[in-house]
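K.L.:
Below are the C-alpha cells for one structure; questions will follow.
The values are calculated or read from the model by the stated rules, or taken from the named source; none is laboratory data. Note that the structure is predicted; figures quoted are calculated from it, not measured. Reconstructed Cβ throughout: ideal geometry from the backbone, glycine too, with neighbour counts over all protein chains shown.
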Amino acid sequence: MTDRFDRILLIFNPHSTGDAADQAEELRAELTRRLPRTTVEMSPTEHAGHARDLAREATGSPRTLVVSVSGDGGYNEVVDGVMQAGDTDTVCAVMAAGNANDHRRATRERPLADAIVAGDVRHLDLLRLTVGEGSDAVVRYAHSYIGVGLTPIVAIDLERGGKGSLREILSVVRTFARFSPFTITLDDGTRTSFDSLVFANIPQMAKYATLSDADTPDDGRFEVVSLPHVSKWRILGVAVRAATRGLGPQPTATRYRFTTGTPSPLQLDGEVLAVDADTPVVVEIVPGALATVG
C-alpha cells in the first residue's frame, strides 16, 4: 500500500497551558513507527499567528498533511493559513490539546493516528468571513463558527482571567455584569440590536452548549443562531437551555451580510478579530473546502 502522505507536519505551541508538546511527541513517535517512509516533522510555534504562517508555508510541498496539536483557536490558524495560500491539495487535521476542542469533538470519526495511516481524506465545509470591501477587505476562514456579541466578549475575558472551571465561571459572570447589546444593519436596511449572533458549522460550542439539533459540517449550509436584545435574566435562560437540552432547530443560510453599528469584536473558532463601526461584514459557506482526516 502506498502511503497517502509524503510529509506530515505537527504544529503545536510549546508553551500552551495543556500538554500539546507531549501529545505532539507521542503522535510523532507513533506515526514514525507506523509510516516509516513518511517524513514526520515537529514544528513548535514561536508567537501568536505563527501557526498560520507555518501552515501557509507547508502548502508548498506536495502530499502534505498539517496536524494542529491544539484547541480550536490553534486549528483555526492552521486552516486559515492553508486556505490563504489558495491551496487545494494540502490536508489538515487536529489533535485535541486545548480547552474546548469543539471541532474535534463534533467531527471525530476515529482515532487520529489510525485515520492518518489509513489516509482516508474527507471534505468538510468552511465558513468564510469578509470584513470590509474592495482592496481593503480582510478575508478569514473558520472551521466551526463565527460569533458576534457575547461569544467574543466571553472569549476575551477568558484569555484575561485564565482557563479552568472556576476561572471560566468567574469570567462568564463578569461578562454578564458588564455586557451591552450590539446593533447591526441588515441588507434590507433593518437596524436590529442583538445580544448574540452566531454562524455555526457544527452543532456545539464552548464544550457544553448545543446550538442546533441538525447542524452538520458537510451539508453546504450554516446555522444562524441569533439572540435579539432581551433582559439579562432571559439571556441566562437561553445559556442554561443551550447547556442542558439544546436550542433546537435553527434557520440556515449560505450567505449572511450586515454592517456593524459600533466597534464589534468577532470570534472565529476561539480567535478574536476586532471590527470597526460602519464596516460591511459577509459570512459565507464554502462547501467541501477543508480536506481532512480523523
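K.L.:
Given the criteria touching a strand residue (DSSP E or B) at 6+ places or on another chain (Cβ under 9 Å), modelled with pLDDT of 95 or more and under 30 Å from residue 115 (Cβ atoms), does residue 271 qualify?
P.N.:
no
K.L.:
For residues in the stretch 13-54 being within 17 Å of residue 271 (Cα to Cα) and either in contact with a Pro (Cβ under 6 Å, 6 or more places away or on another chain) or among the hydroxyl-bearing types (Ser, Thr, Tyr) (or both), which is modelled with the highest pLDDT?
P.N.:
45
K.L.:
Residue 41: among the acidic types (Asp, Glu), assigned by TED's automatic domain parsing to the domain that holds residue 107 and out of contact with any Ser or Thr (no Cβ under 9 Å at 6 or more places or on another chain), yes or no?
P.N.:
In short, yes.
K.L.:
Find the strands (runs of 3 or more DSSP E) located wholly in the stretch 251-294 whose residues include 1 or more that are surrounded by fewer than 16 Cβ atoms within 10 Å (Cβ to Cβ) and out of contact with any helix residue (DSSP H, G or I) (no Cβ under 6 Å at 6 or more places or on another chain), and list them.
P.N.:
In the stretch 251-294, 255-260, 271-275, 280-292 are the strands (runs of 3 or more DSSP E) which contain 1 or more residues that are surrounded by fewer than 16 Cβ atoms within 10 Å (Cβ to Cβ) and out of contact with any helix residue (DSSP H, G or I) (no Cβ under 6 Å at 6 or more places or on another chain).
K.L.:
Let me ask something additional. Residues that are in a helix (DSSP H, G or I) and either buried (at least 22 other Cβ atoms within 10 Å of the Cβ) or touching a strand residue (DSSP E or B) at 6+ places or on another chain (Cβ under 8 Å) (or both): does the stretch 113-127 have at least one?
P.N.:
yes
K.L.:
Report the residue count in the stretch 68-90 for those that are crowded, with 24+ Cβ neighbours inside 10 Å and either modelled with pLDDT of 90 or more or part of a helix (DSSP H, G or I) (or both).
P.N.:
15
K.L.:
Just the residues that are basic (Lys, Arg) and surrounded by 14 or more Cβ atoms within 10 Å (Cβ to Cβ), please, taken from the stretch 1-33.
P.N.:
4, 7, 28
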